[in-house]
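One structure is given below, encoded as C-alpha coordinates.
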Amino acid sequence: MQDPNETRAVWNIAPQTNRAGALLGVFLLMLLGSSAYEVFKTLLLPPLPFWQGHAITFVSGSALATVIAARVLRDVDRQEAVRRRTEEGLHQQERQYRMMFENAAHGIYRTTPDGRILLANPALLQMLGFETLEDLATRNLETEGTGADYAREKFRRQIEAEGRVRGLEAVWKRKDGRRIFVRENAQLVRGPDGEPLFYEGSAEDVTRLVTIQEALQRSHEELENRVADRTREVIALNAELTGAYDATIEGWSRALDLRDKETEGHCRRVTEMTLRLACALTLPEEDLVQVRRGALLHDIGKMGVPDAILLKPGPLTDDEWEIMRRHPTLAYEMLAPIAFLRPTLAIPYCHHEKWDGSGYPNGLAGDAIPLAARLFAIVDVWDALLSDRPYRPGWPAERARAHIAAGAGSHFDPQAAEAFLALTAETSFAALAGPANEPLRLAA
(Lines give C-alpha, C1' and ligand atoms only; values in the text may rest on other atoms or scores of the structure.)
Protein backbone atom coordinates (compact mmCIF):
# COMPACT_ATOMS: atom_id res chain seq x y z
CA MET A 1 0.00 0.00 0.00
CA GLN A 2 1.22 3.52 -0.78
CA ASP A 3 2.80 5.39 2.10
CA PRO A 4 0.66 8.44 3.13
CA ASN A 5 3.81 10.55 3.54
CA GLU A 6 4.72 9.92 -0.10
CA THR A 7 1.31 11.04 -1.24
CA ARG A 8 1.50 14.17 0.92
CA ALA A 9 4.87 15.04 -0.57
CA VAL A 10 3.48 15.02 -4.10
CA TRP A 11 0.62 17.27 -3.08
CA ASN A 12 2.90 19.70 -1.25
CA ILE A 13 5.43 20.10 -4.05
CA ALA A 14 2.77 20.78 -6.73
CA PRO A 15 2.20 24.48 -7.60
CA GLN A 16 -0.74 26.09 -5.91
CA THR A 17 -2.17 26.94 -9.37
CA ASN A 18 -2.22 23.33 -10.54
CA ARG A 19 -3.84 21.29 -7.82
CA ALA A 20 -5.83 19.32 -10.42
CA GLY A 21 -2.59 18.14 -11.93
CA ALA A 22 -1.28 17.31 -8.47
CA LEU A 23 -4.35 15.20 -7.77
CA LEU A 24 -3.69 13.27 -10.96
CA GLY A 25 -0.05 12.82 -9.85
CA VAL A 26 -1.12 11.58 -6.42
CA PHE A 27 -3.51 9.14 -8.08
CA LEU A 28 -0.73 7.74 -10.27
CA LEU A 29 1.63 7.46 -7.28
CA MET A 30 -1.03 5.63 -5.32
CA LEU A 31 -1.51 3.30 -8.25
CA LEU A 32 2.13 2.75 -9.26
CA GLY A 33 4.21 3.87 -6.31
CA SER A 34 7.47 5.91 -6.22
CA SER A 35 10.85 5.81 -4.52
CA ALA A 36 12.71 8.54 -6.36
CA TYR A 37 12.17 11.86 -4.63
CA GLU A 38 15.00 13.60 -6.46
CA VAL A 39 13.79 12.47 -9.90
CA PHE A 40 10.29 13.77 -9.20
CA LYS A 41 11.57 17.11 -7.96
CA THR A 42 13.91 17.57 -10.94
CA LEU A 43 11.36 16.67 -13.67
CA LEU A 44 8.29 18.24 -12.18
CA LEU A 45 9.16 21.65 -10.81
CA PRO A 46 11.86 24.28 -10.69
CA PRO A 47 13.35 25.00 -7.24
CA LEU A 48 10.85 26.59 -4.86
CA PRO A 49 11.27 28.08 -1.41
CA PHE A 50 9.21 25.14 -0.18
CA TRP A 51 12.17 22.79 -0.63
CA GLN A 52 14.54 24.78 1.52
CA GLY A 53 15.04 23.37 5.05
CA HIS A 54 12.74 20.38 4.49
CA ALA A 55 13.55 16.76 3.98
CA ILE A 56 10.98 14.37 2.62
CA THR A 57 11.78 10.79 2.19
CA PHE A 58 9.90 8.35 0.01
CA VAL A 59 10.07 4.91 1.46
CA SER A 60 8.59 3.04 -1.41
CA GLY A 61 7.33 3.38 -5.01
CA SER A 62 8.85 3.69 -8.49
CA ALA A 63 10.75 6.40 -10.36
CA LEU A 64 8.69 5.62 -13.46
CA ALA A 65 5.46 6.67 -11.74
CA THR A 66 7.07 9.93 -10.76
CA VAL A 67 8.09 10.68 -14.37
CA ILE A 68 4.60 9.89 -15.68
CA ALA A 69 2.99 12.15 -13.11
CA ALA A 70 5.38 14.97 -13.99
CA ARG A 71 4.57 14.71 -17.70
CA VAL A 72 0.84 14.65 -17.08
CA LEU A 73 1.06 17.75 -14.95
CA ARG A 74 3.20 19.47 -17.56
CA ASP A 75 0.60 18.69 -20.32
CA VAL A 76 -2.15 20.08 -18.14
CA ASP A 77 -0.18 23.31 -17.72
CA ARG A 78 0.41 23.52 -21.48
CA GLN A 79 -3.30 23.06 -22.22
CA GLU A 80 -4.13 25.77 -19.74
CA ALA A 81 -1.71 28.12 -21.47
CA VAL A 82 -3.25 27.32 -24.85
CA ARG A 83 -6.73 27.99 -23.48
CA ARG A 84 -5.65 31.34 -22.11
CA ARG A 85 -4.04 32.34 -25.43
CA THR A 86 -7.16 31.26 -27.33
CA GLU A 87 -9.40 33.31 -25.09
CA GLU A 88 -7.13 36.31 -25.46
CA GLY A 89 -7.20 35.90 -29.26
CA LEU A 90 -10.99 35.75 -29.23
CA HIS A 91 -11.15 38.86 -27.06
CA GLN A 92 -8.77 40.63 -29.45
CA GLN A 93 -10.92 39.69 -32.47
CA GLU A 94 -14.01 40.83 -30.67
CA ARG A 95 -12.37 44.20 -29.94
CA GLN A 96 -11.35 44.53 -33.59
CA TYR A 97 -14.83 43.68 -34.86
CA ARG A 98 -16.35 46.09 -32.38
CA MET A 99 -14.01 48.83 -33.56
CA MET A 100 -14.92 48.13 -37.18
CA PHE A 101 -18.63 48.14 -36.31
CA GLU A 102 -18.38 51.42 -34.42
CA ASN A 103 -16.20 53.21 -36.99
CA ALA A 104 -17.70 51.89 -40.26
CA ALA A 105 -18.56 54.65 -42.78
CA HIS A 106 -21.69 52.76 -43.92
CA GLY A 107 -24.65 51.87 -41.79
CA ILE A 108 -24.73 48.34 -40.34
CA TYR A 109 -27.92 46.84 -38.96
CA ARG A 110 -29.70 43.73 -37.78
CA THR A 111 -33.48 43.42 -37.96
CA THR A 112 -36.09 40.76 -37.39
CA PRO A 113 -37.90 39.50 -40.50
CA ASP A 114 -40.90 41.66 -39.58
CA GLY A 115 -38.79 44.83 -39.51
CA ARG A 116 -37.93 45.40 -35.81
CA ILE A 117 -34.43 46.87 -35.46
CA LEU A 118 -32.17 44.86 -33.16
CA LEU A 119 -28.77 46.41 -33.80
CA ALA A 120 -27.43 49.55 -35.51
CA ASN A 121 -24.01 51.16 -35.62
CA PRO A 122 -23.38 54.91 -35.16
CA ALA A 123 -23.20 55.50 -38.91
CA LEU A 124 -26.74 54.14 -39.36
CA LEU A 125 -28.03 56.19 -36.43
CA GLN A 126 -26.54 59.34 -37.97
CA MET A 127 -27.84 58.43 -41.42
CA LEU A 128 -31.40 58.15 -40.11
CA GLY A 129 -31.16 61.09 -37.67
CA PHE A 130 -31.45 59.17 -34.37
CA GLU A 131 -29.42 59.70 -31.21
CA THR A 132 -29.51 56.22 -29.71
CA LEU A 133 -30.28 52.64 -30.64
CA GLU A 134 -33.15 52.66 -28.16
CA ASP A 135 -34.68 55.61 -30.00
CA LEU A 136 -34.23 53.89 -33.37
CA ALA A 137 -35.55 50.58 -32.07
CA THR A 138 -38.97 52.16 -31.57
CA ARG A 139 -39.30 52.38 -35.35
CA ASN A 140 -40.34 49.43 -37.48
CA LEU A 141 -38.30 49.42 -40.69
CA GLU A 142 -41.03 47.63 -42.61
CA THR A 143 -43.97 49.88 -41.73
CA GLU A 144 -42.34 53.22 -40.85
CA GLY A 145 -38.77 53.30 -42.06
CA THR A 146 -39.11 53.12 -45.83
CA GLY A 147 -40.54 55.32 -48.55
CA ALA A 148 -43.79 54.52 -50.29
CA ASP A 149 -41.89 53.56 -53.44
CA TYR A 150 -39.74 50.99 -51.64
CA ALA A 151 -41.29 47.53 -51.89
CA ARG A 152 -40.20 45.83 -48.64
CA GLU A 153 -42.16 42.76 -49.64
CA LYS A 154 -40.01 42.39 -52.74
CA PHE A 155 -36.89 42.65 -50.59
CA ARG A 156 -38.19 39.97 -48.26
CA ARG A 157 -39.12 37.57 -51.03
CA GLN A 158 -35.69 37.88 -52.61
CA ILE A 159 -33.69 37.49 -49.42
CA GLU A 160 -35.72 34.50 -48.23
CA ALA A 161 -35.48 32.83 -51.64
CA GLU A 162 -31.79 33.53 -52.30
CA GLY A 163 -30.45 34.12 -48.80
CA ARG A 164 -29.12 37.58 -49.69
CA VAL A 165 -29.61 40.78 -51.64
CA ARG A 166 -26.83 42.76 -53.28
CA GLY A 167 -26.82 46.38 -54.42
CA LEU A 168 -30.55 46.92 -53.86
CA GLU A 169 -31.41 50.60 -54.27
CA ALA A 170 -33.99 51.51 -51.68
CA VAL A 171 -35.73 54.58 -50.27
CA TRP A 172 -35.60 55.01 -46.50
CA LYS A 173 -37.09 57.71 -44.28
CA ARG A 174 -35.17 59.70 -41.69
CA LYS A 175 -36.55 60.61 -38.32
CA ASP A 176 -37.45 64.08 -39.64
CA GLY A 177 -39.42 62.50 -42.52
CA ARG A 178 -36.94 63.30 -45.28
CA ARG A 179 -36.33 60.58 -47.84
CA ILE A 180 -32.85 59.25 -48.50
CA PHE A 181 -31.66 56.84 -51.13
CA VAL A 182 -29.56 53.91 -49.95
CA ARG A 183 -27.74 51.02 -51.61
CA GLU A 184 -28.44 47.97 -49.48
CA ASN A 185 -26.65 44.63 -49.04
CA ALA A 186 -28.11 42.08 -46.66
CA GLN A 187 -28.17 38.40 -45.81
CA LEU A 188 -30.58 36.11 -44.00
CA VAL A 189 -29.48 34.27 -40.86
CA ARG A 190 -31.42 31.09 -40.06
CA GLY A 191 -31.71 29.12 -36.84
CA PRO A 192 -30.83 25.44 -36.33
CA ASP A 193 -34.34 24.51 -37.41
CA GLY A 194 -33.95 26.44 -40.68
CA GLU A 195 -36.41 29.17 -39.72
CA PRO A 196 -35.39 32.82 -40.38
CA LEU A 197 -33.92 34.48 -37.30
CA PHE A 198 -32.92 37.92 -38.52
CA TYR A 199 -31.54 39.98 -41.40
CA GLU A 200 -28.18 41.64 -41.11
CA GLY A 201 -26.68 43.97 -43.64
CA SER A 202 -25.28 47.36 -44.57
CA ALA A 203 -26.70 50.49 -46.14
CA GLU A 204 -24.79 53.18 -48.02
CA ASP A 205 -26.35 56.63 -48.34
CA VAL A 206 -26.33 57.39 -52.08
CA THR A 207 -28.74 60.33 -51.96
CA ARG A 208 -26.15 62.74 -53.31
CA LEU A 209 -25.26 60.37 -56.13
CA VAL A 210 -28.93 59.83 -57.03
CA THR A 211 -29.55 63.59 -56.92
CA ILE A 212 -26.62 64.16 -59.31
CA GLN A 213 -27.85 61.39 -61.60
CA GLU A 214 -31.36 62.85 -61.66
CA ALA A 215 -29.95 66.31 -62.40
CA LEU A 216 -27.82 64.87 -65.21
CA GLN A 217 -30.86 63.03 -66.58
CA ARG A 218 -32.88 66.24 -66.56
CA SER A 219 -30.04 68.10 -68.25
CA HIS A 220 -29.74 65.32 -70.81
CA GLU A 221 -33.46 65.44 -71.55
CA GLU A 222 -33.38 69.24 -71.81
CA LEU A 223 -30.40 69.01 -74.16
CA GLU A 224 -32.17 66.38 -76.26
CA ASN A 225 -35.23 68.61 -76.48
CA ARG A 226 -33.12 71.59 -77.49
CA VAL A 227 -31.27 69.53 -80.08
CA ALA A 228 -34.58 68.18 -81.39
CA ASP A 229 -35.99 71.71 -81.63
CA ARG A 230 -32.86 72.94 -83.34
CA THR A 231 -32.89 69.95 -85.69
CA ARG A 232 -36.47 70.69 -86.66
CA GLU A 233 -35.50 74.29 -87.33
CA VAL A 234 -32.54 73.20 -89.47
CA ILE A 235 -34.71 70.73 -91.38
CA ALA A 236 -37.30 73.43 -91.98
CA LEU A 237 -34.64 75.89 -93.12
CA ASN A 238 -33.05 73.24 -95.32
CA ALA A 239 -36.43 72.42 -96.86
CA GLU A 240 -37.00 76.12 -97.44
CA LEU A 241 -33.56 76.50 -99.02
CA THR A 242 -34.04 73.38 -101.13
CA GLY A 243 -37.39 74.68 -102.26
CA ALA A 244 -35.74 77.93 -103.25
CA TYR A 245 -33.07 76.06 -105.20
CA ASP A 246 -35.67 73.91 -106.96
CA ALA A 247 -37.76 76.95 -107.76
CA THR A 248 -34.66 78.55 -109.27
CA ILE A 249 -33.93 75.42 -111.32
CA GLU A 250 -37.50 75.33 -112.60
CA GLY A 251 -37.23 79.03 -113.42
CA TRP A 252 -34.12 78.39 -115.49
CA SER A 253 -35.90 75.53 -117.24
CA ARG A 254 -38.87 77.74 -118.13
CA ALA A 255 -36.50 80.44 -119.32
CA LEU A 256 -34.99 77.94 -121.77
CA ASP A 257 -38.45 76.97 -123.01
CA LEU A 258 -39.37 80.63 -123.49
CA ARG A 259 -36.20 81.24 -125.44
CA ASP A 260 -36.97 78.42 -127.85
CA LYS A 261 -40.66 78.40 -128.58
CA GLU A 262 -40.33 75.33 -130.77
CA THR A 263 -39.28 73.19 -127.78
CA GLU A 264 -41.69 74.72 -125.27
CA GLY A 265 -42.71 72.10 -122.67
CA HIS A 266 -39.81 69.85 -123.67
CA CYS A 267 -38.00 70.18 -120.30
CA ARG A 268 -41.11 69.33 -118.31
CA ARG A 269 -41.99 66.33 -120.47
CA VAL A 270 -38.53 64.76 -120.53
CA THR A 271 -38.21 65.28 -116.79
CA GLU A 272 -41.46 63.42 -116.08
CA MET A 273 -40.66 60.57 -118.49
CA THR A 274 -37.13 60.14 -117.17
CA LEU A 275 -38.41 59.96 -113.59
CA ARG A 276 -40.93 57.26 -114.50
CA LEU A 277 -38.26 55.25 -116.30
CA ALA A 278 -35.94 55.60 -113.28
CA CYS A 279 -38.74 54.47 -110.94
CA ALA A 280 -39.35 51.44 -113.18
CA LEU A 281 -35.69 50.54 -112.74
CA THR A 282 -36.04 51.05 -108.94
CA LEU A 283 -33.51 53.83 -108.51
CA PRO A 284 -33.31 55.05 -104.87
CA GLU A 285 -35.37 58.08 -103.86
CA GLU A 286 -32.27 60.23 -103.27
CA ASP A 287 -31.11 59.47 -106.84
CA LEU A 288 -34.52 60.40 -108.23
CA VAL A 289 -34.16 63.87 -106.74
CA GLN A 290 -30.91 64.43 -108.64
CA VAL A 291 -32.40 62.90 -111.81
CA ARG A 292 -35.25 65.41 -111.66
CA ARG A 293 -32.94 68.39 -111.22
CA GLY A 294 -30.52 67.18 -113.87
CA ALA A 295 -33.32 66.62 -116.39
CA LEU A 296 -34.68 70.12 -115.81
CA LEU A 297 -31.20 71.55 -116.38
CA HIS A 298 -30.16 69.25 -119.24
CA ASP A 299 -29.97 72.07 -121.80
CA ILE A 300 -28.77 74.82 -119.46
CA GLY A 301 -25.56 75.00 -121.48
CA LYS A 302 -27.53 76.27 -124.48
CA MET A 303 -27.74 79.61 -122.69
CA GLY A 304 -24.20 80.07 -124.03
CA VAL A 305 -25.18 79.26 -127.62
CA PRO A 306 -25.96 82.31 -129.80
CA ASP A 307 -29.59 82.76 -130.88
CA ALA A 308 -28.54 82.73 -134.51
CA ILE A 309 -27.45 79.13 -134.12
CA LEU A 310 -29.95 77.95 -131.50
CA LEU A 311 -32.99 79.36 -133.32
CA LYS A 312 -31.81 78.78 -136.90
CA PRO A 313 -34.73 77.26 -138.89
CA GLY A 314 -32.56 75.30 -141.30
CA PRO A 315 -29.70 72.83 -141.02
CA LEU A 316 -26.55 73.90 -139.15
CA THR A 317 -23.17 74.20 -140.79
CA ASP A 318 -20.18 72.21 -139.48
CA ASP A 319 -18.90 75.26 -137.62
CA GLU A 320 -22.34 75.87 -136.13
CA TRP A 321 -22.52 72.24 -135.02
CA GLU A 322 -19.11 72.68 -133.40
CA ILE A 323 -20.54 75.50 -131.31
CA MET A 324 -23.80 73.66 -130.59
CA ARG A 325 -21.92 70.58 -129.34
CA ARG A 326 -20.20 72.72 -126.74
CA HIS A 327 -23.40 73.12 -124.67
CA PRO A 328 -22.72 70.07 -122.39
CA THR A 329 -19.31 71.52 -121.53
CA LEU A 330 -20.86 74.94 -120.95
CA ALA A 331 -23.40 73.29 -118.63
CA TYR A 332 -20.58 71.69 -116.65
CA GLU A 333 -18.76 75.01 -116.35
CA MET A 334 -21.94 76.72 -115.15
CA LEU A 335 -23.07 74.10 -112.60
CA ALA A 336 -19.86 72.54 -111.22
CA PRO A 337 -18.95 75.56 -109.05
CA ILE A 338 -22.34 75.29 -107.28
CA ALA A 339 -22.00 72.55 -104.64
CA PHE A 340 -25.75 72.03 -104.38
CA LEU A 341 -26.02 71.36 -108.13
CA ARG A 342 -22.87 69.28 -108.54
CA PRO A 343 -24.73 65.95 -108.04
CA THR A 344 -27.05 66.86 -110.95
CA LEU A 345 -24.25 67.13 -113.52
CA ALA A 346 -24.58 63.57 -114.92
CA ILE A 347 -27.46 64.50 -117.26
CA PRO A 348 -26.46 68.04 -118.39
CA TYR A 349 -22.87 66.92 -119.04
CA CYS A 350 -23.29 63.38 -120.42
CA HIS A 351 -26.71 63.07 -122.07
CA HIS A 352 -25.21 63.26 -125.59
CA GLU A 353 -22.77 60.38 -124.94
CA LYS A 354 -23.61 57.14 -126.84
CA TRP A 355 -23.38 53.50 -125.74
CA ASP A 356 -20.84 52.71 -128.48
CA GLY A 357 -18.59 55.66 -127.59
CA SER A 358 -19.43 57.81 -130.63
CA GLY A 359 -21.11 60.58 -128.62
CA TYR A 360 -19.82 63.84 -127.17
CA PRO A 361 -18.26 65.70 -125.38
CA ASN A 362 -15.94 62.96 -123.99
CA GLY A 363 -16.69 59.90 -126.13
CA LEU A 364 -17.69 57.80 -123.12
CA ALA A 365 -18.99 54.28 -123.80
CA GLY A 366 -21.06 51.63 -122.03
CA ASP A 367 -21.22 51.73 -118.23
CA ALA A 368 -18.73 54.60 -118.17
CA ILE A 369 -21.72 56.81 -119.00
CA PRO A 370 -23.66 57.66 -115.81
CA LEU A 371 -26.91 55.71 -115.57
CA ALA A 372 -29.04 58.85 -115.25
CA ALA A 373 -27.57 60.16 -118.52
CA ARG A 374 -28.19 56.82 -120.27
CA LEU A 375 -31.85 56.89 -119.27
CA PHE A 376 -32.29 60.53 -120.19
CA ALA A 377 -30.67 60.07 -123.62
CA ILE A 378 -33.47 57.69 -124.63
CA VAL A 379 -36.23 59.96 -123.35
CA ASP A 380 -34.65 63.05 -124.97
CA VAL A 381 -34.56 61.43 -128.38
CA TRP A 382 -38.11 60.04 -127.92
CA ASP A 383 -39.57 63.48 -127.14
CA ALA A 384 -37.65 65.14 -129.97
CA LEU A 385 -38.96 62.59 -132.48
CA LEU A 386 -42.57 62.98 -131.35
CA SER A 387 -42.42 66.82 -131.38
CA ASP A 388 -43.11 68.98 -134.44
CA ARG A 389 -40.17 70.90 -135.88
CA PRO A 390 -40.14 73.64 -138.61
CA TYR A 391 -38.35 71.24 -140.91
CA ARG A 392 -40.52 68.14 -140.15
CA PRO A 393 -43.69 67.03 -138.36
CA GLY A 394 -43.55 64.85 -135.24
CA TRP A 395 -43.23 61.10 -135.68
CA PRO A 396 -45.93 58.60 -134.73
CA ALA A 397 -45.20 56.72 -131.51
CA GLU A 398 -44.66 53.36 -133.24
CA ARG A 399 -42.09 54.82 -135.61
CA ALA A 400 -40.29 56.43 -132.68
CA ARG A 401 -40.37 53.12 -130.78
CA ALA A 402 -38.82 51.37 -133.76
CA HIS A 403 -36.06 53.98 -133.86
CA ILE A 404 -35.28 53.46 -130.16
CA ALA A 405 -35.23 49.68 -130.64
CA ALA A 406 -32.86 50.02 -133.62
CA GLY A 407 -30.50 52.22 -131.59
CA ALA A 408 -30.25 49.78 -128.64
CA GLY A 409 -26.63 48.68 -128.28
CA SER A 410 -25.22 51.48 -130.42
CA HIS A 411 -26.78 54.78 -129.37
CA PHE A 412 -28.65 53.53 -126.29
CA ASP A 413 -28.03 51.28 -123.30
CA PRO A 414 -29.74 47.99 -124.35
CA GLN A 415 -31.29 47.24 -120.96
CA ALA A 416 -32.49 50.82 -120.52
CA ALA A 417 -33.95 50.77 -124.02
CA GLU A 418 -35.80 47.54 -123.28
CA ALA A 419 -37.30 49.00 -120.10
CA PHE A 420 -38.27 52.18 -121.95
CA LEU A 421 -40.00 50.30 -124.75
CA ALA A 422 -41.98 48.33 -122.17
CA LEU A 423 -43.13 51.60 -120.60
CA THR A 424 -44.02 53.26 -123.91
CA ALA A 425 -46.42 50.41 -124.63
CA GLU A 426 -48.64 52.01 -121.95
CA THR A 427 -51.03 54.67 -123.26
CA SER A 428 -50.60 56.78 -120.13
CA PHE A 429 -46.86 56.97 -120.66
CA ALA A 430 -47.08 57.80 -124.37
CA ALA A 431 -49.53 60.58 -123.57
CA LEU A 432 -46.76 62.44 -121.75
CA ALA A 433 -45.71 63.79 -125.11
CA GLY A 434 -48.78 66.05 -124.95
CA PRO A 435 -48.48 69.61 -123.62
CA ALA A 436 -51.07 69.48 -120.84
CA ASN A 437 -49.80 66.75 -118.52
CA GLU A 438 -49.48 67.31 -114.79
CA PRO A 439 -45.88 66.99 -113.59
CA LEU A 440 -44.80 64.16 -111.33
CA ARG A 441 -43.89 65.59 -107.92
CA LEU A 442 -41.07 64.16 -105.81
CA ALA A 443 -39.75 64.97 -102.39
CA ALA A 444 -36.81 67.32 -102.77
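Yes or no: V189 without any contact (Cβ under 8 Å) to a residue 12 or more places away in the chain and not assigned by TED's automatic domain parsing to the domain that holds L288? Yes: the conditions hold for V189.
Contact annotation: residue pairs with Cβ atoms under 7 Å, 6 or more positions apart or on different chains, pairing a residue in the stretch 150-169 that is in the same structural domain as V182 (by TED's automatic domain parsing) and surrounded by 12 or more Cβ atoms within 10 Å (Cβ to Cβ) with a partner that is assigned to a strand (DSSP E or B) and small (G, A, S), are Y150/A170; I159/A186; R164/A186; V165/A186.
When you check G251 against the structure, is it in contact (Cβ under 8 Å) with a residue 12 or more places away in the chain and in a helix (DSSP H, G or I), yes or no? For G251, the condition - in contact (Cβ under 8 Å) with a residue 12 or more places away in the chain and in a helix (DSSP H, G or I) - is not met. Checking each residue in the stretch 348-398 for being assigned to a helix (DSSP H, G or I), surrounded by fewer than 19 Cβ atoms within 10 Å (Cβ to Cβ) and charged (D, E, K, R) picks out D367, E398.
For (1) in contact with a strand residue (DSSP E or B) (Cβ under 6 Å, 6 or more places away or on another chain); (2) of a type in the set (G, A, S), each residue gets a yes or a no:
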{"residue": "N121", "(1), (2)": "yes, no"}
{"residue": "L124", "(1), (2)": "yes, no"}
{"residue": "T138", "(1), (2)": "no, no"}
{"residue": "E162", "(1), (2)": "no, no"}
{"residue": "V165", "(1), (2)": "yes, no"}
{"residue": "W172", "(1), (2)": "yes, no"}
{"residue": "G177", "(1), (2)": "no, yes"}
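In this structure, I212 does not satisfy being of a type in the set (A, V, I, L, M) and either at pLDDT below 90 or part of a strand (DSSP E or B) (or both). Scanning the stretch 326-353 for residues that are within 19 Å of P306 (Cβ to Cβ) and hydrophobic (A, V, I, L, M, F, W, C) turns up L330, A331, M334. Screening R276 on (1) under 21 Å from A331 (Cβ atoms); (2) surrounded by 14 or more Cβ atoms within 10 Å (Cβ to Cβ) shows it passes everything except condition (1). Of the residues that make up the stretch 293-307, is at least one in a helix (DSSP H, G or I), surrounded by fewer than 21 Cβ atoms within 10 Å (Cβ to Cβ), of a type in the set (A, V, I, L, M, F, W, C) and without any contact (Cβ under 8 Å) to a residue 24 or more places away in the chain? There is no residue in the stretch 293-307 that is in a helix (DSSP H, G or I), surrounded by fewer than 21 Cβ atoms within 10 Å (Cβ to Cβ), of a type in the set (A, V, I, L, M, F, W, C) and without any contact (Cβ under 8 Å) to a residue 24 or more places away in the chain. In the stretch 185-208, which residues are part of a helix (DSSP H, G or I) and either closer than 18 Å to R157 by Cβ or in contact with a strand residue (DSSP E or B) (Cβ under 8 Å, 6 or more places away or on another chain) (or both)? Answer for the stretch 185-208, where residues must be part of a helix (DSSP H, G or I) and either closer than 18 Å to R157 by Cβ or in contact with a strand residue (DSSP E or B) (Cβ under 8 Å, 6 or more places away or on another chain) (or both): just T207. Within the stretch 205-248, the residues that satisfy the criterion of being β-branched (V, I, T), under 30 Å from L124 (Cα atoms) and under 24 Å from the mean Cα position of the chain (by Cα) are V206, V210, T211, I212.
Among the residues making up the stretch 279-292, those that are exposed (fewer than 14 other Cβ atoms within 10 Å of the Cβ) and in a helix (DSSP H, G or I) are E285, E286. Of the numbered criteria (1) closer than 16 Å to S202 by Cβ; (2) free of Cβ contacts under 8 Å to residues at least 12 places away in the same chain; (3) not basic (K, R), the one P122 fails is (2). The residue list G314, G265, G251 contains one member that is at pLDDT below 90 and touching an Asp or Glu at 6+ places or on another chain (Cβ under 7 Å), which is G265.
Number of residues in the stretch 254-278 that are within 47 Å of the chain's Cα centre (by Cα) and not in a helix (DSSP H, G or I) equals 0.
The values are calculated or read from the model by the stated rules, or taken from the named source; none is laboratory data. Just so we're clear, the structure is a prediction, and the values are computed from it rather than from any experiment. Note: ideal-geometry Cβ built from the backbone for every residue, glycine included; neighbour counts use all protein chains shown.
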